[in-house]
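Rule-based calculations on the coordinates, nothing more; no lab input. As the structure is a computational prediction, the values presented were derived from the model and not from experiment. FYI the Cβ positions are ideal-geometry reconstructions off the backbone, even for glycines, and counts take in every protein chain you see.
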Amino acid sequence: MLKNNTPGTAEPPASAANMLEKGSGTLVSKIKIHAQKMFAASRGSHDWEHTLRVFQLCERIGAAEAVDMEVLLAAACLHDVGRGYQDTSGGKICHAEKGRELARPIIEPLPISMERKTNILHCIHAHRFRKPPLPGTPEARVLFDADKLDAIGAVGVARAFQFAGEVGARLHNPDVDVAKTRPYSDEDTGFREFKVKLSKIKDGMLTREGARMAGRRHAFMAAFFDRLQAEHRGEA
Ligand SMILES: [Fe+2]
Ligand SMILES: [Fe+2]
């Protein structure tokens, strides 16, 4: 059942800045605790578990790149905190822009340089596939790739159908030109998502390790959707 997603629940706790400055633990672990609270009412396709998978991918890809890991992981924790606004607005609000706005009061009081704060906010703003700005720092490029990897492969297929279920889309419709269908409609199927977005992801990766992993995930996903269409026609 679709969880209620009220935009207001994504607001950072009023005391977030104080608690981040004082409590125990690393900067990233403290941000992680606060970020998780902002996903209390999130939909399954963009929930806290997605953020945790992206976090792990950032650790892996970031290890192969020259990055500021603390900046990268802080941004990973917060990159989708604006997602609830996009979902409840039917896509009218850009969650990357909203996420930067929500993250700002958490990041600004931190005892780190202005340059690093700006970088964290840039990473959040630039992580989206469909909208500029392009990722302009090594950390933003790694977060971008990590986020895209979680949209393809076996996890990507699962998430595509999970999202289709959330918006009430049908299972599959071979009779419609997906280019003429609308997102957040009953034609926003897993196959539509594959054709419109997921099939193109591997060609837009920004890091070497991200591109390598994307190639493998894409091959699995493409084979799945070939099979889906064949089975839907009763041919397999
Ligand atoms: Fe996102
Ligand atoms: Fe994401």
* P(r) for region 133-231: what percent of alpha-carbon pairs falls in each 5 Å bin, starting at zero? -> 2, 14, 23, 21, 18, 12, 7, 2, 0
* Cα axis of helix 48-63 to longest principal axis of the chain: angle in degrees, 0 to 90, nearest 10? -> 70
* Those residues of region 90-124 whose amide nitrogen sits under 15 Å from the label point placed on Lys131, 7 Å along Cα→Cβ -> 90-103, 122-124
* **Rh by Kirkwood over Cα pairs, then Stokes-Einstein D for region 27-151 at 0.692 mPa s and 37 °C, µm²/s** => 234
* Along region 27-35, what does the Karplus equation 6.51 cos²θ - 1.76 cosθ + 1.60 (θ = phi - 60°) give for ³J(HN,Hα), rounded to whole Hz, x for Gly and Pro? -> 4, 5, 5, 6, 4, 4, 4, 6, 5
* Structure fact -> Straight-line reach check, Lys180, cutoff 26 Å on alpha carbons, 8 or more apart in-chain or any other chain, hits among lysines -> Lys92, Lys131, Lys148, Lys195, Lys197, Lys200, Lys202
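Can you pull out the trypsin sites (Lys or Arg not before Pro) in region 191-236 whose DSSP state is coil and whose Cβ has at most 14 other Cβ atoms within 10 Å? Don't jump to the answer; show the numbers that get you there.
Numbers: sites: Arg192, Lys195, Lys197, Lys200, Lys202, Arg208, Arg212, Arg216, Arg217, Arg227, Arg233; in loops: Lys197, Arg233.
Those satisfying the criteria are Arg233.
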* At 7 Å along the Cα-to-beta-carbon direction for both Ser29 and Gln229, put a label point, then send me their distance in nm to one decimal. => 4.9
* Let me have the 222 nm mean residue ellipticity of the chain computed from DSSP H runs of 4+ only, each contributing -39500 (n - 2.57), with the sum over all residues rounded to the nearest 500. => -17500 deg cm²/dmol
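Evaluate the chain: find the radius of gyration of its Cα atoms, find its Kirkwood radius, and give the ratio Rg to Rh. It would help to have the intermediate numbers written out before the result.
Values: Rg = 18.1 Å, Rh = 18.3 Å.
Dividing the radius of gyration by the Kirkwood radius yields 0.99.
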* Mind pulling the angle between the C-alpha long axis of helix 153-166 and the longest principal axis of the chain? Nearest 10 degrees, somewhere in 0 to 90. => 80
* Per residue of region 214-224, in order, report the coupling 6.51 cos²θ - 1.76 cosθ + 1.60 (Karplus, θ = phi - 60°) as ³J(HN,Hα) in whole Hz, putting x for Gly and Pro. => 5, x, 5, 5, 4, 4, 5, 5, 4, 5, 4
* What length, rounded to one decimal in nm, is gained on full extension from Ala158 through to Leu52, with 0.36 nm per residue of separation minus their alpha-carbon distance? -> 36.5 nm
* How much FRET efficiency would the formula 1/(1 + (r/R0)^6) give for Glu101 and Ala211, where r is the Cβ-Cβ distance and R0 is 35 Å, rounded to 0.05? -> 0.70
* **GNM top mover of Gly25, Gly190, Gly90 - the chain, alpha-carbon springs below 10 Å** => Gly25
* Would you give the gap between the C-alpha center of region 162-187 and the C-alpha center of region 78-141, rounded to a whole Å? => 28
* Structure fact -> Listed by chain and number, the residues whose amide H is under 5 Å from that of Thr207, excluding neighbours fewer than 5 places away on the same chain and using placed H, are none
